[in-house]
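Chemist: Could you have a look at this structure, given as structure tokens, before my questions?
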2 protein chains.
Amino acid sequence: MSGPEITRIDQAVAAAADAANFWAESKAGLRIQLLNGLAEALEQHQVELIAIADEETGLGTVRLNGEVARTAFQLRGFADAVESGTPYAVVDDPAIAGAPPTGRPHLTRVRQALGPVAMFSASNFPFAFSVLGGDTASALAAGCPVVVKAHSGHPRLSRAVHEVALGVLAAQGLPAGLLGLVEGASRAAGVHLVQHPKIAAVAFTGSYQGGTALWTVANERARPIPFFGELGSINPLLALPEILEHDGEHLAKSLAASITLGCGQFCTSPGVIVLFKHPASEHFIEQFAAALQPLSTHRMLTPSMRRGFDDGIARLQLAPAARPLLQPHTDTDGPAPRLFEVDAQAFIEDAHLREEIFGPVAVVLKVTSVAQAIDVLHAIGGSLTATLWGFEQASDDNRALIRAARQVAGRVLFSGVPTGVAVTAAQQHGGPWPASTQPQSTSVGYAALERFLRPVALQDAPAWLLDE
Amino acid sequence: MSGPEITRIDQAVAAAADAANFWAESKAGLRIQLLNGLAEALEQHQVELIAIADEETGLGTVRLNGEVARTAFQLRGFADAVESGTPYAVVDDPAIAGAPPTGRPHLTRVRQALGPVAMFSASNFPFAFSVLGGDTASALAAGCPVVVKAHSGHPRLSRAVHEVALGVLAAQGLPAGLLGLVEGASRAAGVHLVQHPKIAAVAFTGSYQGGTALWTVANERARPIPFFGELGSINPLLALPEILEHDGEHLAKSLAASITLGCGQFCTSPGVIVLFKHPASEHFIEQFAAALQPLSTHRMLTPSMRRGFDDGIARLQLAPAARPLLQPHTDTDGPAPRLFEVDAQAFIEDAHLREEIFGPVAVVLKVTSVAQAIDVLHAIGGSLTATLWGFEQASDDNRALIRAARQVAGRVLFSGVPTGVAVTAAQQHGGPWPASTQPQSTSVGYAALERFLRPVALQDAPAWLLDE
């Protein structure tokens with residue numbers, strides 16, 4: 001890491017720290033105005049920003065327009081969350097005279113913004129998980145300045161979006177330090193940012209390796225800080241034979257589309273298809289392979305992601321427990337989709353077979369019992385999503401499978417596919433390790449702003465303070 | 001660690017894991033009945049339990065009776081929290097037709113109990129932070145079985161309270177695995193418990209060294225789990241000259257009582273008294289020393305705690321920046337209280353001077369400015385409490401000091417002393433590192449049960465499931 005790089009990081013953090021008290025104590029009106037202003041500015045510059053984004057990521061204008069719409073919607077949604085008073089919520093317990101435990105002082109539980117947040121952009125959502133994405137929106141709504149570590153996969157877009165944001169801050173007379181941008185592809189730059197004593201929390205979306213490395217750095221600080229990392233997920237999907245008998249053709253097509261959407265570069269891409277040994281499952285596998293075979297993909301986000309995908313496929317091709325289910329094929333701009341069958345028991349026993357392969361691939365497991373299906377889910381252990389198809393009827397088997405899905409996932413779907421994450425109050429985008437380093441928090445939906453607030457109990461606070 | 005010790009831990013965890021699904025899905029009625037039953041049984045056996053507790057801890061029957069009252073109050077309070085529906089709270093977002101981001105599926109955010117909790121008892125609260133203490137009550141209320149690691153400072157009491165609890169479980173027809181007890185003073189026993197794959201979360205109250213060691217173990221698991229640790233706190237108290245002029249005598253006495261209460265063995269004991277250079281402060285120091293000098297203490301909880309106290313005092317006596325403020329004295333059963341003045345700038349610069357000394361001791365700092373007082377608070381960095389005396393008037397200086405106190409503490413008091421922690425909904429017993437490994441959680445008060453629940457979003461859940 002170069003000296004100028006360190007200096008730029010230190011300057012961005014210092015500017016954020018300088019703005020932190022002002023922003024932590026800012027009234028709702030200012031925050032609402034900023035979040036709505038950022039949404040509007042993003043839309044005003046949509047055409048030129050999407051041109052840059054498409055050049056850098058190859059995700060295509062349809063997807064990118066949708067992503068800008070989501071990002072603006074999300075900024076406005078957090079403005080609404082501020083308007084509804086979430087960051088200013090108070091729990092007030094009046095004093096009760098007498099001896100404890102019944103007697104007590106006056107306690108007022110308020111919410112304290114943590115301070116400057118280091119936010120690591122994701123590669124695969126150049127708008128929605130980047131400079132003005134969900135982490136930034138939720139941190140600003142909570143009252144925290146943000147220092148964005150730009151993703152090296154879309155540096156020009158990051159700079160352009162940051163310029164747009166700086167224009168909004170300037171127009172509203174707000175300090176530029178509320179939203180800093182640092183670059184540098186080196187791991188050392190990220191480490192320096194996480195180690196900075198004035199950084200109060202980290203939000204990270206990315207790879208398991210990169211995320212655990214930075215999480216370790218956060219934990220090794222003299223004063224460890226909260227680290228909200230989304231580190232990967234293989235998103236099991238379990239389908240019962242009955243629904244496959246009735247609706248196999250349609251489900252096969254929607255699953256094939258979900259796996260290849262965005263070249264499979266979604267953290268919620270369904271990577272493991274769990275089926276019961278049954279003729280309907282065999283037929284579905286044929287339908288699914290037939291739906292997947294002709295689909296082509298666009299190029300992957302970065303050359304290193306493509307290498308990671310190719311390495312993962314090579315690993316599966318060499319694994320004795322895996323066999324390919326698609327005919328030989330030719331890559332286009334992106335890799336051709338792949339599908340493997342993996343022995344269910346081997347999957348349960350061998351962690352390597354459960355590693356996420358980022359890209360358009362899924363593995364099919366055939367289980368012989370509900371108990372083995374539950375073992376598969378427990379072996380996965382932590383996942384952003386689990387999808388259950390065919391659970392319209394109550395039964396003990398279904399209850400047991402739903403229970404296992406709830407135990408390992410942050411979101412359990414009973415229809416549709418897990419790609420596409422609605423931004424709502426009820427959303428949960430997290431889950432046990434490695435889906436999230438903080439499985440009790442979410443990085444999508446309005447509960448995401450809770451990550452950047454800490455409760456403080458004020459005991460016998462003077463009236464003037466509570467009035468302010 | 002012996003083979004039988006490992007076997008007993010494994011058996012206790014297995015029994016907890018066997019009971020976990022049943023308890024996670026139990027209705028409010030069962031949990032309320034259990035928590036209230038435990039409170040009642042504790043009170044029924046109060047006399048004999050306190051006799052054992054007093055023998056083992058030397059805390060005295062007045063204090064111990066108060067602690068049992070608090071522990072029973074707390075169990076009943078968590079029963080009330082269950083009755084009010086907290087563990088079963090749902091956020092429901094109906095489906096909206098149309099394309100995203102506005103269009104969305106039906107999402108129902110529910111709360112999932114994490115599973116078996118390993119709970120490490122504290123030495124200094126043999127009832128309220130032990131077998132049936134706040135962590136156990138909140139975990140059971142959340143729907144999680146508990147495996148208690150008994151504290152080696154009160155092994156007979158731990159067994160006796162556990163026997164009482166087993167009686168309640170048996171009488172109510174509930175599995176004994178809901179509350180397990182493991183013993184063994186060795187560090188290896190604790191490590192084995194935290195490493196156990198079926199343990200889903202850890203609650204710890206104790207020393208910085210022991211806590212960080214187990215926190216590291218939890219983070220080094222193949223699947224890291226939430227670790228809620230309270231690791232220590234030095235609890236600054238800042239008093240303005242005006243209030244000392246008016247009320248110095250009374251405040252000196254209450255502060256001296258707080259520091260010596262329970263032989264200073266409270267995590268909220270005020271360890272750092274910050275005063276402004278001013279004649280009123282000088283006079284207060286005299287009043288305070290005079291109030292402290294004649295007080296005697298009971299014996300400390302364990303010989304190793306006493307050694308820790310003596311080592312800490314020896315360190316201060318050798319520190320060039322510290323000078324004693326009390327005359328030479330004789331220890332009784334417990335150590336005589338100690339008071340030192342420490343140079344404020346040295347305190348800011350030298351982390352060793354800020355280390356917690358568990359026992360009846362405080363250091364006095366004289367600061368020359370509001371800015372230096374703020375630097376003191378920021379140097380402390382994380383504390384369960386900060387106490388501010390004399391803040392009845394609004395002023396920019398007062399606002400700046402309150403802001404700094406809120407930034408470093410989980411509870412900010414404006415009157416009284418920090419020892420004595422009310423069990424209420426608004427309470428916050430946590431704070432930035434090292435006060436808590438999870439500063440956004442609390443280990444006292446009804447929000448404590450949030451620690452053992454994780455949100456799960458159910459997407460398009462079938463009606464039968466939502467009805468159940």
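The values are calculated or read from the model by the stated rules, or taken from the named source; none is laboratory data. Computed from a predicted model, the values in this text were never measured in an experiment. Heads up, the Cβs are rebuilt from the backbone with ideal geometry, glycines too, and the neighbour counts pull from every protein chain shown.
Chemist: Looking only at region A:85-95, which residues are surrounded by fewer than 19 Cβ atoms within 10 Å (Cβ to Cβ) and either among the aromatic types (F, W, Y) or away from every other protein chain (no Cβ under 13 Å) (or both)?
Modeler: A:G85, A:Y88
Chemist: Further question: Can you tell me how many residues within region A:199-238 are charged (D, E, K, R) and buried (at least 19 other Cβ atoms within 10 Å of the Cβ)? Please lay out each step first, then the result.
Modeler: If we filter region A:199-238 for residues that are charged (D, E, K, R), which is where we start, we get A:220-221, A:223, A:230.
Those still in the list that are buried (at least 19 other Cβ atoms within 10 Å of the Cβ) too: A:230.
So the answer is 1.
Chemist: Also, quick follow-up: Farther than 30 Å from B:S441 by Cα and not hydroxyl-bearing (S, T, Y), is that true of A:R111? Even if it seems obvious, please write down each step before you answer.
Modeler: Values: farther than 30 Å from B:S441 by Cα: no; not hydroxyl-bearing (S, T, Y): yes.
No: the conditions fail for A:R111.
Chemist: Which of the residues spanning region A:179-225 are acidic (D, E) and either modelled with pLDDT of 95 or more or within 17 Å of A:F452 (Cα to Cα) (or both)?
Modeler: A:E220
Chemist: For region B:19-68, give me each residue that is assigned to a loop (DSSP other than H, G, I, E, B) and under 16 Å from B:G143 (Cβ atoms).
Modeler: Within region B:19-68, B:E25, B:S26, B:K27 qualify.
Chemist: So how many residues does region A:294-317 have that are in a loop (DSSP other than H, G, I, E, B) and in contact (Cβ under 8 Å) with a residue 40 or more places away in the chain?
Modeler: Summing the residues that are in a loop (DSSP other than H, G, I, E, B) and in contact (Cβ under 8 Å) with a residue 40 or more places away in the chain in region A:294-317 gives 8.
Residue-wise test of (1) outside the structural domain of B:V131 (by TED's automatic domain parsing); (2) buried (at least 22 other Cβ atoms within 10 Å of the Cβ); (3) under 28 Å from B:L193 (Cβ atoms); (4) in contact with a Ser or Thr (Cβ under 6 Å, 6 or more places away or on another chain).
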site	(1), (2), (3), (4)
B:D18	no, no, yes, no
B:W23	no, yes, yes, no
B:A28	no, no, no, no
B:I32	no, no, no, no
B:A39	no, yes, yes, no
B:H45	no, no, yes, no
B:E48	no, no, no, no
B:I52	no, no, yes, no
B:E56	no, no, yes, no
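Chemist: Select the strands (runs of 3 or more DSSP E) contained entirely in region A:374-468, then report the ones holding at least 1 residues which are within 7 Å of chain B (Cβ to nearest Cβ) and in contact with a helix residue (DSSP H, G or I) (Cβ under 9 Å, 6 or more places away or on another chain).
Modeler: Fully inside region A:374-468 and qualifying: A:409-413, A:453-459.
Chemist: Does A:S443 meet the test of being in contact (Cβ under 8 Å) with a residue 60 or more places away in the chain, buried (at least 24 other Cβ atoms within 10 Å of the Cβ) and over 24 Å from A:A69 (Cα atoms)?
Modeler: No: the conditions fail for A:S443.
Chemist: Which of the residues spanning region B:296-316 are over 19 Å from B:C267 (Cα atoms) and modelled with pLDDT of 95 or more?
Modeler: B:A314, B:R315, B:L316 - these are the residues of region B:296-316 that are over 19 Å from B:C267 (Cα atoms) and modelled with pLDDT of 95 or more.
Chemist: Does B:L181 satisfy being in a helix (DSSP H, G or I) and in contact with a strand residue (DSSP E or B) (Cβ under 8 Å, 6 or more places away or on another chain)?
Modeler: Numbers: in a helix (DSSP H, G or I): no; in contact with a strand residue (DSSP E or B) (Cβ under 8 Å, 6 or more places away or on another chain): yes.
Here the answer is no, as B:L181 does not meet what is asked.
Chemist: Of the numbered conditions (1) touching a helix residue (DSSP H, G or I) at 6+ places or on another chain (Cβ under 7 Å); (2) free of Cβ contacts under 8 Å to residues at least 24 places away in the same chain, B:G103 fails exactly one; give the number of that condition.
Modeler: With (1) touching a helix residue (DSSP H, G or I) at 6+ places or on another chain (Cβ under 7 Å); (2) free of Cβ contacts under 8 Å to residues at least 24 places away in the same chain applied to B:G103, the lone miss is (1).
Chemist: Against the condition out of contact with any strand residue (DSSP E or B) (no Cβ under 8 Å at 6 or more places or on another chain), within 30 Å of A:D331 (Cα to Cα) and crowded, with 23+ Cβ neighbours inside 10 Å, how does A:F358 come out, does it pass?
Modeler: For A:F358, the condition - out of contact with any strand residue (DSSP E or B) (no Cβ under 8 Å at 6 or more places or on another chain), within 30 Å of A:D331 (Cα to Cα) and crowded, with 23+ Cβ neighbours inside 10 Å - is met.
Chemist: Looking at (1) within 14 Å of chain A (Cβ to nearest Cβ); (2) without any contact (Cβ under 8 Å) to a residue 60 or more places away in the chain; (3) farther than 23 Å from B:P455 by Cα, can you tell me which one B:R70 breaks?
Modeler: B:R70 satisfies all of (1) within 14 Å of chain A (Cβ to nearest Cβ); (2) without any contact (Cβ under 8 Å) to a residue 60 or more places away in the chain; (3) farther than 23 Å from B:P455 by Cα except (2).
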